[in-house]
Amino acid sequence: MKAVKTFLLILVAASFAGAADDCRLASGWKPDGPSRTFTADDLYEYLDGGAEGYLIFGFVRLEHQTCAKGADSLVIDVSEMNDPDAAYGLFAARRDPRQPLRRIGMGGEILPNRASFAKGKYYVELTAMPGEEYRPTLRVFTVALEKRLTGRSTPPGALAWFPRGHTSVRLIPRSVLGLRPLKRGYVAEYSNGQAFVVTEATAQSAAAVLAALRRRFAGAKEAKVADEAFEFNDRYLGGVCIFRKGHYLGGYAHLHKGTEGVSLARTLASRLP
Amino acid sequence: MTYRSSRRSFLTAGVVLPLTGATLWQETADRQAASSASAPQFSYRVLGKTGLKVTTLGFGCMITSDAGVIERAADLGINYFDTARGYQGGNNERMVGAALKRKRASLVLSSKSGARDKQRALADLDTSLRELGTDHLDVWYLHGKNSPDEVSDELVEAQQIAKQQGKIRFAGVSTHDPKVIVPAMARKGVMDVVLVTYNFSMDPGVAAAIEQGNKARLGIVAMKVMAGGFRERPGRGDSGTREKLKRAGAMLAALKWVLKDRNVHTTIPSMTDMDQLDENLRAMAEPYGAAEEKLLARQLDFITPLYCRMCGECTGMCARGLPVADILRHLTYTEGYGQFALGREEFLKLGPAVAAVRCADCERCTVQCPFGVQVTARLRRAQELFA
Ligand code: SF4
Ligand code: SF4
């Protein structure tokens, strides 16, 4: 039994480490020290306070490798997450939303000294130092690493739920809109507000969450969207319209003055499966 | 229905709202907030030699994703907010800046740089100021320094330059090893504030170091006040116990435990939602008593298999001569404070004879920890990491 376990561990480690352990994906680069693996228990050793930002997304482990070419150094971090949605979520949380989104895996970005992308359940981050401009090198590494990683290259289906015009879509791993009952979901940024969708396990649990929110925002008015809905104004959330469609909870928040929340919410509801 | 704009949209549009009594508490959510946190009571302390009067509950913005929570905290009266250049890939500072823009002048805002040289640190500071939308930081920390050598002369010089340029008001250092850093900074006299890991699970030496820092008039800010024991660890199968303790109020108890130490001036727990904010606000008004003591004892039991109190009771018990408490302390550098290099360096200082021992070679362990620390498992972990 022990032998089988050891074999499986080696197998898992080998398939995972394959993405990070070879600095020779670009010519002239070689490993600078051994690779290291961090799990949820010891990620703090490496990322200090930043580890929390990984853990809340559903982090499994991170393979870390430093590469060197002359005076330049490149850090390759490949994080395995619970699932592709978590990998995309971490990517979206850490990317600079002002920069263009690139078609690398499920999505990626290449900045002068940093690149990142998500593919399958992996999130990859590359950091080059000490110069200012490493884009050509980062491009070579990202292309090669992307090829070596297995898994989905299409972004999470949830992204397609949001109507066009958003500047970014993020997975919020905890307390969507800063409201604890909305446990985990996607938020899309628009120039006139934010759209969100939270998926509950069942229609009943979704109804219970909606009822709890309705109690919380006592002055809310009923609205006609999907199965049930209400809307209200809030000092911190701005104009809000929340609806339930089956086991989905969705809606808009932070709506600007004069924005028609109900019609926006209806469009969003119509796009949900 | 059309909507009034949220504070957030005003901020993004750059419109300044007048803050009058009439504009406060006018919406539906405010009724909810008023019922759960009506007139929260604040306690204040002076942040050491800075002279800044800070609320004992501050706000660690690290994992917050909705700016509204931060904004509401500021509106309610919390006045100390902390972020860092590296949080959320750099996105955290931008969100914090937008959330606090309206009240910036009345707040104490801190950020950090993990850079190891002067030039990069100063470049980080300029980026922080730009992203936060402010012309100065109240406290600028050197991020995660766990040995006095890491607080290098050139980094201290960077802080002095930044002060002269008016980009920061006070200099600080953040650490996971208060026992080493606080006394060192108290002696060195170049820092105004130290940001330290401090919680109920730590040994009394940490409290003594903090007291020393306070006596030297250093501002003391506590982080990781919940002891990390509430952290989710996928696959550990411990979520049932953890959830029960959380529901029973162990997090609030942990916060109260830190606040009862008058040598601590403010705390920066991470907060992700309004409920957590309301709960944490109670720590400033409610006493730490027997109920909290009991809850934290249960929490300590929960984390005990991993947690060595460094009491030294096991000295001389190892049949192969291992200095158990020392090795576990070095493991703590790594696992608790994020300092792998320091942990390994200290472990290797114990000598080749110690580094050569493998607990796996023993049939039976002769060490018995009266506190239930799983000594063999922990030492094997240290040997795996360092030896
Ligand atoms: S292992 Fe146990 S006995 Fe030894 S120092 Fe730690 S707490 Fe004390
Ligand atoms: S298992 Fe480790 S700690 Fe226990 S007696 Fe053997 S060497 Fe010492």
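Quick one: would you say B:Asp361 is within 14 Å of chain A (Cβ to nearest Cβ) and at pLDDT 90 or above? Taking the combined requirement at face value, the residue does not satisfy it.
In the range A:180-201, how many are among the aliphatic types (A, V, I, L, M), without any contact (Cβ under 8 Å) to a residue 40 or more places away in the chain and facing chain B (nearest Cβ under 10 Å)?
Let us first name the residues in the range A:180-201 that are among the aliphatic types (A, V, I, L, M), namely A:182, A:187-188, A:195, A:197-198, A:201.
Now drop any that are not without any contact (Cβ under 8 Å) to a residue 40 or more places away in the chain, which leaves A:187-188.
Applying the additional criterion that residues be facing chain B (nearest Cβ under 10 Å) yields A:187.
Of the residues in that region, 1 qualify.
Among the residues making up the range A:205-221, those that are within 7 Å of chain B (Cβ to nearest Cβ) and of a type outside the set (A, V, I, L, M, F, W, C) are A:Arg216, A:Gly219, A:Lys221. Looking across the range B:83-133, the residues that are in a loop (DSSP other than H, G, I, E, B) and either within 11 Å of another protein chain (Cβ to nearest Cβ) or on the phi < 0 side of the Ramachandran plot (or both) come down to B:Thr83, B:Ala84, B:Arg85, B:Gly86, B:Leu107, B:Gly114, B:Ala115, B:Arg116, B:Asp117. The residues of the range B:134-157 that are more than 14 Å from chain A (Cβ to nearest Cβ) and in a loop (DSSP other than H, G, I, E, B), listed by number, are B:Thr134, B:Asp135, B:His136, B:Ser147, B:Val151, B:Ser152.
Could you tell me whether the range B:211-225 includes any residue that is part of a strand (DSSP E or B) and modelled with pLDDT under 95? Yes.
Selection of the range B:252-261 for residues being in a helix (DSSP H, G or I) and under 13 Å from B:Ser43 (Cβ atoms) yields B:Leu255, B:Lys256, B:Val258, B:Leu259. Within the range A:32-56, being within 12 Å of another protein chain (Cβ to nearest Cβ) and in contact with a strand residue (DSSP E or B) (Cβ under 6 Å, 6 or more places away or on another chain) holds for A:Gly33, A:Arg36, A:Thr37, A:Phe38, A:Thr39, A:Ala40, A:Tyr46.
Please enumerate the residues belonging to the range B:262-277 that are buried (at least 18 other Cβ atoms within 10 Å of the Cβ) and either among the acidic types (Asp, Glu) or assigned to a loop (DSSP other than H, G, I, E, B) (or both). Steps first, please.
Taking the range B:262-277 and keeping what is buried (at least 18 other Cβ atoms within 10 Å of the Cβ), we get B:263-277.
Correct list: B:Asn263, B:Val264, B:His265, B:Ile268, B:Pro269, B:Met271, B:Thr272, B:Asp273, B:Asp275.
The set of residues from the range B:362-377 being near ligand 1 (Cβ under 8 Å from one of its atoms) and under 15 Å from B:Thr332 (Cβ atoms) comprises B:Cys369, B:Phe371, B:Val373, B:Val375.
Rundown of residues vs (1) at pLDDT below 90; (2) more than 15 Å from ligand 2 (Cβ to nearest atom); (3) touching a Gly at 6+ places or on another chain (Cβ under 6 Å); (4) not in a helix (DSSP H, G or I), yes/no style:
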| position | (1), (2), (3), (4) |
| --- | --- |
| B:Glu279 | no, yes, no, no |
| B:Leu295 | yes, yes, no, no |
| B:Ile303 | yes, yes, yes, no |
| B:Cys314 | yes, no, no, yes |
| B:Ala341 | yes, yes, no, no |
| B:Glu346 | yes, yes, no, no |
| B:Val354 | no, no, no, no |
| B:Thr366 | no, no, no, yes |
| B:Glu384 | yes, no, no, no |
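For the range A:222-273, a residue qualifies if it is hydrophobic (A, V, I, L, M, F, W, C), away from chain B (no Cβ under 14 Å) and part of a helix (DSSP H, G or I), and the qualifying residues are A:Leu268, A:Ala269. Does A:Ala71 satisfy being more than 13 Å from chain B (Cβ to nearest Cβ) and at pLDDT 90 or above? Answer is yes for this residue. With the requirement that a residue be farther than 23 Å from A:Ala158 by Cβ and hydrophobic (A, V, I, L, M, F, W, C), what does the range A:232-266 give you? The answer is A:Phe232, and nothing else. Taking the condition modelled with pLDDT of 95 or more, of a type in the set (D, E, K, R) and buried (at least 20 other Cβ atoms within 10 Å of the Cβ), does A:Glu200 pass? Yes. Being small (Gly, Ala, Ser), on the phi > 0 side of the Ramachandran plot and modelled with pLDDT of 90 or more is a property that B:Gly235 lacks. Taking the criterion of being more than 15 Å from ligand 1 (Cβ to nearest atom), surrounded by fewer than 19 Cβ atoms within 10 Å (Cβ to Cβ) and within 17 Å of A:Asp41 (Cα to Cα), the residues of the range B:378-387 that qualify are B:Glu384, B:Leu385.
Does B:Arg378 satisfy the condition of being of a type in the set (D, E, K, R), modelled with pLDDT of 85 or more and more than 9 Å from ligand 2 (Cβ to nearest atom)?
Criteria met by B:Arg378.
The number of residues in the range B:347-361 being surrounded by fewer than 15 Cβ atoms within 10 Å (Cβ to Cβ) and within 16 Å of ligand 1 (Cβ to nearest atom) comes to 0.
The values are calculated or read from the model by the stated rules, or taken from the named source; none is laboratory data. Bear in mind the structure is a predicted one, so any value in this text is a computation, not a measurement. No Cβ is skipped: glycine too gets one built from the backbone with ideal geometry, and neighbour counts run over all protein chains shown.
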